[in-house]
Amino acid sequence: VMFERIRGGAYTAMGDKEGLSTGLQFRRIYYIDFQIAVHLREQLIADDKLDYYLTSDHDYDTMIIEHKAMKKLLAELVKRPLRCRPFYAQGVWGGYYLMDARHLPREQFKNIAWSVDMNGMDQATVIQLDDKHQFVLPFLTIIEEYPDEILGPEIHKMAGKYFPIRFSYDDTFHSAGNMSIQCHPGDEFCKSHFNEFGRQDEGYYIVLAGHDAKTYLGLKNGVSVEQFMEKAKQSEKDHKQFDHDQYVNSVKSFPGRQFMIPGGTIHSSGRNQLVMEIGSQVMGSYTFKQYDYCRMDLNGTPRPIHTKYGEQVLNPERTADFVAERLVQEPRLINKGEGWEEYCVGEDPLVYYSCRQLKFADKAEGNTNGRFHVFVLVDGQKVTIRSKKNHEQCYHADYLDVVVVPADMGEYEVINDDPIKQPVVLYKVQVKE
């Protein structure tokens, strides 16, 4: 209950009132308590040991449902596309695009740095029972009940009862600066230090870019990694800035550009853009900041830097040449039908997911072929994602919504609901076959 109230709220602002103690409490809950609870719950569901399921976001609206009734309810839910409830966090580099696009209360937020929209561990799903009643469940609980139906048997076997791709927005639009220069751990480090499934890979899809927007990715050709780390360590110690642009490669950002970020690749989202960030299957989240411009957090406390671990996980071979050859690609047409085209915008042998665009003016079609798909409406007003066999099994998606199409849906179609049929772009992500 405590975790749901911190992580699953419709509007969540972390760290600006309670200060450091809240941050430490949150980390304890996230990395210890919740991990234990997840495995216990999964085992109870697998062994069919539950009589009733109790869920709550607030003290005043605790709900209880008989487990048999819940399974029946979820059996209907997993036949249709679904969306998780996002939660929001502000940060020192946060921007302002999402605040306006999603009509978030400006009196509650200084800015929006992150909007976590689809994370198998963190999100809640709101089930609308009728005009007055809702039932809220962790998305992970739904997967634990029906993993084959949502993920597909092959992905269930690969990922377990866990959604293997996470989705969140990083908003630096009209912000004061860049995200931190950072690195995520690779395969061996993740497994040996955190008992994880594998490395923490990511990807950035540029949804919106303002003037001079850029994305940092990889080291510049020919630079000394040792010298860069020496500068970063010294900055961490004496809180003095250095010219990171001498060492870290950057690439111009524009809407529709995909950046693939395998674990071990130094990177950062530059200011003045909205990024859809995707990530690989890790139970926790491990970000080692190398440099953060000597900024304070929103409480006036120096932001932590992690050069000790960053030095261990940074891959010196991920240079500008590697980025240009492997990690930033030109779109290539891979499928088309009457009035629609599907492009691959990012794939790499190091990463197990495929990043795509679906472009159309009226209607597009597809088939899950027993493996879930995720759609994000990145350009357009509204679309309907529905089963071809049963149009009632649908989801009406608005701009920036992140929608899961369950594996069991099979053949589906996406309808442009704009009356004047302005062309739309859907960002599509799936596990590679």
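For residue 336, the residues whose amide H sits under 5 Å from its own are 342, ignoring neighbours fewer than 5 places away on the same chain, with H placed 1.01 Å from N. When the scattering of segment 218-326 is computed by the Debye formula from its Cα atoms alone, each counted once and equally, what is log10 I(q)/I(0) at q = 0.19, 0.21 Å⁻¹? So the normalised log intensities are -1.16, -1.37. Per residue, the solvent-accessible area of the chain (1.4 Å probe, heavy atoms of protein chains only, all protein chains present) comes to 45 Å².
Per-peptide packing, taken as the mean over residues of other Cβ atoms within 10 Å, places 377-383, 91-97 in the sequence 91-97, 377-383 from highest down.
Which value in deg cm²/dmol, rounded to the nearest 500, describes the helix-derived mean residue ellipticity at 222 nm for the chain, given -39,500 (n - 2.57) per DSSP H run of n ≥ 4 and division by the residue count?
On the way: 11 runs with 92 residues, N = 433.
Per the formula, -6000 deg cm²/dmol.
With the largest listed first and rounded to whole Å, the semi-axes of the equivalent ellipsoid of segment 383-433 from the Cα gyration tensor are 19, 15, 9.
Classified by the C-alpha gyration tensor, segment 232-287 has an oblate form. Its axis ratio a/c, with a ≥ b ≥ c, is 1.5 or above, and a/b does not exceed b/c.
Its Cα gyration tensor gives segment 79-156 an equivalent ellipsoid. The semi-axes, each the square root of 5 times an eigenvalue, are 29, 17, 10 Å from largest down. Of the peptides 34-45, 196-207, the order by per-residue mean of other Cβ atoms within 10 Å, starting with the highest, comes out as 196-207, 34-45.
The shape of segment 148-218 comes out oblate: with a ≥ b ≥ c from the C-alpha gyration tensor, a/c is at least 1.5 while a/b does not beat b/c.
Take the alpha-carbon positions of segment 251-400, form their convex hull, and give its projected area averaged over all directions (one quarter of the hull surface) in nm².
Values: hull surface 49.9 nm².
Average projection, Cα convex hull of segment 251-400: 12.5 nm².
Per residue, the convex hull around the alpha carbon atoms of segment 296-359 comes to 163 Å³.
Starting from the Kirkwood Rh over alpha-carbon pairs, what translational D in µm² s⁻¹ does the chain have by Stokes-Einstein at 20 °C and 1.002 mPa s?
Details: Rh = 22.5 Å.
Answer, rounded: 95 µm²/s.
Annotation: peptides 106-112, 227-233, ranked by per-residue average of other Cβ atoms within 10 Å with the highest first, follow the order 227-233, 106-112. Think of each Lys and Arg Cβ as +1 and each Asp and Glu Cβ as -1; about the Cα centre, that makes the dipole of the chain roughly 500 debye. Annotation: Cα Rg of segment 193-245 relative to the compact-globule expectation 2.2 N^0.38 Å equals 1.58. Rounded to the nearest whole Hz, the Karplus-based 3J(HN,Hα) values (6.51 cos²θ - 1.76 cosθ + 1.60, θ = phi - 60°) of segment 324-341 follow the sequence 5, 7, 10, 9, 10, 10, 7, x, 10, 5, 10, 6, 7, x, 5, x, 9, 9, with x at glycine and proline. Split the accessible area of the chain by element, probe 1.4 Å, and carbon with sulfur accounts for 49%.
By the rule of a C-alpha distance below 25 Å, with chain neighbours fewer than 8 residues away ignored, the lysines paired with residue 289 are 17, 110, 191, 214, 220, 231, 233, 237, 240, 252, 308.
The values are calculated or read from the model by the stated rules, or taken from the named source; none is laboratory data. Computed from a prediction, not measured in an experiment: that's the story for all the values here. Methodologically, a virtual Cβ is constructed for each residue, glycine included, from the backbone with ideal geometry; neighbour enumeration extends over all protein chains shown. The accessibility values were calculated without ligands, DNA or RNA, using every heavy atom of the protein model including side chains. Shrake-Rupley method; radii C 1.70, N 1.55, O 1.52, S 1.80 Å.
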